[in-house]
Amino acid sequence: MNLPFDPIERAHDNWSQRWGASPAMAAVTSLMRAQQILIGELDGALKPFGLTFARYEALVLLTFSNSGALPLGKIGERLMVHPTSVTNTIDRLEGQGLVLRRPNPSDGRGVLAEITESGRRVTEEATRALLDMEFGLGCYSDEELWNMHEMFVRLRVDFGDFPAPVAEGARPS
């Protein structure tokens, strides 16, 4: 794009003239644009592996599981997405040979998604690619990234994603 001005600032100036200043409007518009930028960058980095960021997240979640398998409902819950999105994601990964479905032995009607060896290899390679590009956030220091994370924790707690952390401000090392 390379515009000679910030279109979000311009939109906020226009907004302010009509309805009054709104830092919330400027912030949410900036967040939405940042999300577009990051999804584009992340999906671009994952494309050589045949992945989108959504599919990558599902593979990582399965990798974190002790058995390498999770019920589809648990995947949706952990990734905070609709069951239809989980089904579509697992369908794609299964078609690529990165995941397979199998019956859930503890629930006769349920289905588990299980990562394959090929899925594990792709996850490792894709993770290295994302780490090499710092998940698209290389323009920020570690401190700035933790501050950003903490700001979004507050929003997510307020919207009921999870209870407020007991030890606020504690950062993993």
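From the coordinates of this entry, percent of Cα pairs over 27 Å apart is computed, and it appears in [x] 27; [y] 37; [z] 42 under the label [z]. In the full protein context, the chain carries 68 Å² of accessible surface per residue, based on a 1.4 Å probe and ignoring ligands, DNA and RNA. For segment 26-157, the carbon plus sulfur part of the accessible surface works out to 56%, probe radius 1.4 Å.
Per the helix-only calculation at 222 nm, which mean residue ellipticity applies to the chain, given -39500 (n - 2.57) for every DSSP H run of n ≥ 4 and division by its residues, nearest 500 deg cm²/dmol?
Numbers: 7 runs with 103 residues, N = 173.
-19500 deg cm²/dmol, from helical runs alone.
Comparing T52, I75, G110 along the charge dipole axis of the chain, the residue lying farthest to the positive side is G110, per the Cβ-charge model. Kirkwood-type hydrodynamic radius, segment 60-138: 13.3 Å, calculated from all non-identical alpha-carbon pairs.
The values are calculated or read from the model by the stated rules, or taken from the named source; none is laboratory data. All values derive from a computational prediction rather than experimental measurement. Please note: Cβ atoms are built from the backbone with ideal geometry, for glycine as well, and neighbour counts cover all protein chains shown. Only protein heavy atoms, including side chains, enter the accessible area calculation; ligands, DNA and RNA are left aside. Shrake-Rupley method; radii C 1.70, N 1.55, O 1.52, S 1.80 Å.
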